[in-house]
Amino acid sequence: MAATMVGADEHIPIRGEDDIVAARQCARALAKRLGFGLLDQSRIATAVSELTRNVVRYAATGDAYIRPLEGAPRGTGIEIVVADRGPGIADVELAMRDGYSSGTGLGMGLPGTRRLVDEMEIDTAPGRGTTVTIRKWNRKRNR
Ligand SMILES: Nc1ncnc2c1ncn2[C@@H]1O[C@H](COP(=O)(O)OP(=O)(O)OP(=O)(O)O)[C@@H](O)[C@H]1O
Ligand SMILES: [Mg+2]
C-alpha cells in the first residue's frame, strides 16, 4: 500500500534574507503537516533560520532541501540539508562551541541548532563548502 503523501521534497535556493524566511516557513509548514507540536515546529524553524543565515553570512549563496522521513525505522521525521560552496569551516569542533564566532555573531547558531534537533552532521572542508544535515523525529507519533 502506498504511503500517504504529507509533503514532497522541497528545494529553496538561498540568496538572501527573503530566502531565509521562505526556508523557515517551509520547514515549519512541513513539520506541522507531519504532526509535530508547536514547540517542535518552532525548534525546527529556528534551526533552519540559523543554518540558512550562516549560508548568507559566510557563503553568500546556497541551497536548503527539506523533506519528510516516513516509514523510516524511527517513524515520522523531518530532514533538512543546508549546503553551500563557500569557504568551509576549518575547525568544526571550534565552530560548534558555545560563543565561538569568527565574526561579530554570538556564536550560538551551530551549537544552538544542535540542541534543537535529534541528529546533526556537518560535512565541510576549507575551500570546498559546507553541508549541514539535521533530522528531528516526531516522538508523539512514534509511540
Ligand atoms: N556555512 C558556513 N560557511 C562557513 N563558515 C561557517 C558556516 N556556518 C558557520 N560557519 C563558521 O562557524 C562559526 C560559528 O557559527 P555559528 O552559527 O555558531 O555562530 P555565528 O554565525 O558566528 O553567530 P550567531 O549564529 O550566533 O549569530 C561562524 O562564526 C563561522 O566562522
Ligand atoms: Mg550563525
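Quick note: the coordinates plus some simple rules give every number you see, no bench work behind them. None of the values given here were measured: they were computed from a predicted structure. For neighbour counting, all protein chains shown are included, and Cβ atoms are generated from backbone atoms with ideal geometry for every residue, glycine included.
Please state, rounded to one decimal and in Å, the Kirkwood hydrodynamic radius that the chain gives when every pair of distinct Cα atoms enters the mean of 1/r.
15.3 Å
Before rounding to the nearest 500, sum -39500 (n - 2.57) across all DSSP H runs of length at least 4 in the chain and divide by the residue total; then give [θ] at 222 nm in deg cm²/dmol.
-10500 deg cm²/dmol
How far is helix 38-54 tilted, in degrees, relative to the longest principal axis of the Cα atoms in the chain, given as a value from 0 to 90 rounded to the nearest 10?
Long axis of 38-54 versus the principal axis of the chain: about 30 degrees.
Within a 10 angstrom radius of the beta carbon, how do 51, 69 rank from fewest other beta carbons to most?
If I rank by nearby Cβ atoms, fewest first, I get 69, 51.
Rounding to the nearest 10 and keeping the result within 0 to 90°, find how far the Cα-based axis of helix 17-33 lies from the longest principal axis of the chain.
With rounding to tens, the tilt is 30 degrees.
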